[in-house]
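Undergrad: First, the structure itself, so that you have it in front of you.
The values are calculated or read from the model by the stated rules, or taken from the named source; none is laboratory data. Keep in mind that what you see is a predicted model, and the values were worked out from it rather than measured. Methodologically, a virtual Cβ is constructed for each residue, glycine included, from the backbone with ideal geometry; neighbour enumeration extends over all protein chains shown. Remember, those area values only see protein heavy atoms, side chains included, never the ligands or the DNA or RNA. Shrake-Rupley method; radii C 1.70, N 1.55, O 1.52, S 1.80 Å.
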Amino acid sequence: MADTPRTIHELSAAFTKGAASPVAVAEAYLARIGALDERVGAFLTVTRDAALAAARASEARYRAGAPLSPIDGAPIALKDVFCTAGVRTTCGSKILEHFVPPYDATMVDRLRRAGAVILGKTNMDEFAMGSSTEHSGFQLTRNPWDLTRVPGGSSGGSAAAVAGGLAAGSFGTDTGGSVRQPAAFCGIVGFKPTYGRISRYGLIAFASSLDHVAPFALDIVDAALLLGVTAGHDPLDATSVAAPVPDYVARLAGGVSGLRIGVPDEYFGTGLDPEVERSVRAAIDVLRDLGATVERVSLPSTEYGVATYYIVAPAEASSNLARYDGVKYGLRVPGGRDLIDMVSRTRAAGFGAEVKRRIMLGTYALSTGYYDAYYGQAQKVRTLVRREFEAAFARVDLLAAPTTPGVAFKHGEKADPLAMYMNDVYTIPASMTGLPAVSVPCGFSASGLPIGLQLIGRALDEPTLLRAAHAYEQATPWRGRVPELA
Ligand code: GLN
């Protein structure tokens with residue numbers, strides 16, 4: 001493998017022509033993981049034998065002229081939040097350190113049926129709670145652009161894997177920004193589809209009304225491919241959307257001419273790094289030069305997004321995480337006086353500080369006497385946020401904004417939980433409303449760190465979002481740039 005990582009669409013074109021072999025490519029990625037992941041820390045588990053077996057099967061299909069999909073043979077990494085049959089799935093938590101699921105998540109099953117070569121499971125903030133991957137119960141992940149900095153989170157391992165050339169594509173989950181934010185920090189594409197577009201079945205739950213499965217990719221064509229093979233109705237997920245799945249790649253062409261793009265004032269306020277602002281505004285100028293019309297819009301409730309999210313997400317988490325009781329799954333600390341004591345000891349030992357903080361916040365917000373004041377109120381604000389987006393989308397087709405207020409920060413720099421939470425100020429609204437949103441690379445800071453442009457679209461209008469991001473990517477030099485690691 002050349003040291004320049006190749007996109008999935010380039011790989012599959014090479015496989016089809018016989019110019020590359022899925023087995024050789026899988027071996028090259030596994031070798032690169034072996035050589036470099038000690039420094040990056042992207043993977044928690046590498047499934048070498050299964051990957052090579054999948055690559056051999058893929059190779060046979062190409063030889064027979066019958067690949068299963070345009071991602072057949074593509075080396076893919078999965079955040080350790082997706083259940084994988086027979087493969088340890090930790091969710092970044094000591095409480096699930098030895099958990100081996102008996103089944104595959106629907107999206108994993110779909111990837112396998114599409115012929116993907118799954119390389120392994122990637123590091124994450126425990127239960128996907130965090131913005132830096134520093135809350136993993138196991139290890140630190142480093143940003144391939146600067147190993148002293150975080151890759152973002154909570155899907156930091158999956159983002160670092162793609163940026164580091166350790167996987168051609170990967171998947172994470174985005175509950176409040178956990179795919180878009182690490183994509184921005186690592187200089188790659190992170191695409192959060194509409195809520196319910198990709199099944200959550202087999203995804204270890206954090207906040208069920210906010211959890212989205214989402215791909216990371218080197219470019220928009222790859223993001224469209226990964227979305228195409230995993231999206232679609234799933235009877236096993238009650239919130240799965242039944243709408244048909246369009247051919248996303250076929251609809252990438254066409255440019256942005258005539259598209260109306262809204263720029264929300266509230267996404268350019270205090271706290272935004274001037275370098276990020278400059279790059280994002282320049283990106284919006286590019287879209288205008290390509291034929292889009294650009295206008296200012298207002299989303300006044302943006303300032304309440306983080307506060308609202310930190311009621312709703314912990315409330316749902318406190319309920320979802322009640323299942324880790326030392327009985328049903330994972331860790332049990334024995335030797336307690338009675339059942340309650342065993343459960344307490346297990347949860348005290350198995351959960352990290354951030355997870356405990358969320359469980360306490362959520363339990364408090366849901367308690368009798370506080371429910372209306374906190375959870376009920378937060379749900380009302382969530383409705384207001386949704387209405388503001390609806391009003392904006394009556395006028396414009398897309399919104400353009402920064403993905404994050406700043407570039408990747410140093411390990412340990414945001415020890416204060418509130419400083420960490422503020423990282424998601426621009427990503428949380430699209431999570432709370434379930435709207436599709438993408439982060440696409442739009443330049444670098446003076447210190448060489450990537451910056452992300454965020455585009456937000458109408459519900460189920462992934463095609464327009466992908467088309468605009470693709471047009472931007474084609475017109476600028478940032479597509480598929482990766483750091484020198486070797
Ligand atoms: N950083 C946010 C949180 O800690 C979002 C996490 C996510 O999207 N999974 O909750």
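Undergrad: For segment 161-174, name all the residues that are over 15 Å from F127 (Cβ atoms) and either within 16 Å of the ligand (Cβ to nearest atom) or of a type in the set (S, T, N, Q) (or both).
TA: Listed by number, the residues that qualify are S170, F171.
Undergrad: Can we say A24 is open to solvent by less than 50 Å² (accessible area, probe 1.4 Å) and out of contact with any Pro (no Cβ under 8 Å at 6 or more places or on another chain)? Step through it out loud before you land on a result.
TA: On the way: open to solvent by less than 50 Å² (accessible area, probe 1.4 Å): no; out of contact with any Pro (no Cβ under 8 Å at 6 or more places or on another chain): yes.
Answer is no for this residue.
Undergrad: With the condition kept exactly as written, say whether any residue in segment 1-16 is assigned to a helix (DSSP H, G or I), under 22 Å from the mean Cα position of the chain (by Cα), closer than 17 Å to L218 by Cα and at pLDDT 95 or above. Let's see the steps before the verdict.
TA: First, pick out the residues of segment 1-16 that are assigned to a helix (DSSP H, G or I): 8-16.
Now narrow it down to the ones that are under 22 Å from the mean Cα position of the chain (by Cα): 8-9.
Okay, now just the ones that are also closer than 17 Å to L218 by Cα, so 8-9.
So of that shortlist, the ones also at pLDDT 95 or above come out as 8-9.
Looking for residues that are assigned to a helix (DSSP H, G or I), under 22 Å from the mean Cα position of the chain (by Cα), closer than 17 Å to L218 by Cα and at pLDDT 95 or above, one finds at least one in segment 1-16, hence yes.
Undergrad: Here is a further query. State the number of residues belonging to segment 436-457 that are of a type outside the set (A, V, I, L, M), surrounded by 20 or more Cβ atoms within 10 Å (Cβ to Cβ) and either outside any strand (DSSP E or B) or free of Cβ contacts under 8 Å to residues at least 24 places away in the same chain (or both).
TA: So the answer is 1.
Undergrad: Just one of G176, G254, G187 is touching a Phe, Trp or Tyr at 6+ places or on another chain (Cβ under 9 Å) and within 26 Å of L11 (Cα to Cα); which is it?
TA: G187 is the lone residue from the list that is touching a Phe, Trp or Tyr at 6+ places or on another chain (Cβ under 9 Å) and within 26 Å of L11 (Cα to Cα).
Undergrad: Please report, ordered by residue number, the helices (runs of 4 or more DSSP H) entirely within segment 276-374 with at least 1 residues that are surrounded by 16 or more Cβ atoms within 10 Å (Cβ to Cβ), away from the ligand (no atom under 16 Å from the Cβ) and touching a residue at least 60 places away in the same chain (Cβ under 8 Å). Step through it out loud before you land on a result.
TA: Working: elements: 305-320, 339-350, 353-366.
The helices (runs of 4 or more DSSP H) meeting that bar are 339-350.
Undergrad: Here are some residues: R32, R39, R63, R56. Which one is basic (K, R) and surrounded by 17 or more Cβ atoms within 10 Å (Cβ to Cβ)? Step through it out loud before you land on a result.
TA: Details: R39 fails: surrounded by 17 or more Cβ atoms within 10 Å (Cβ to Cβ); R63 fails: surrounded by 17 or more Cβ atoms within 10 Å (Cβ to Cβ); R56 fails: surrounded by 17 or more Cβ atoms within 10 Å (Cβ to Cβ).
Answer to the selection: R32.
Undergrad: Here are some conditions: (1) under 25 Å from I204 (Cα atoms); (2) open to solvent by 60 Å² or more (accessible area, probe 1.4 Å); (3) among the polar types (S, T, N, Q). T16 meets all but one. Which one does it not meet?
TA: All conditions pass for T16, except number (1).
Undergrad: Hey, another quick one. Which of (1) out of contact with any helix residue (DSSP H, G or I) (no Cβ under 8 Å at 6 or more places or on another chain); (2) more than 16 Å from the ligand (Cβ to nearest atom); (3) part of a loop (DSSP other than H, G, I, E, B) does A391 not meet, given it meets every other one?
TA: (3)
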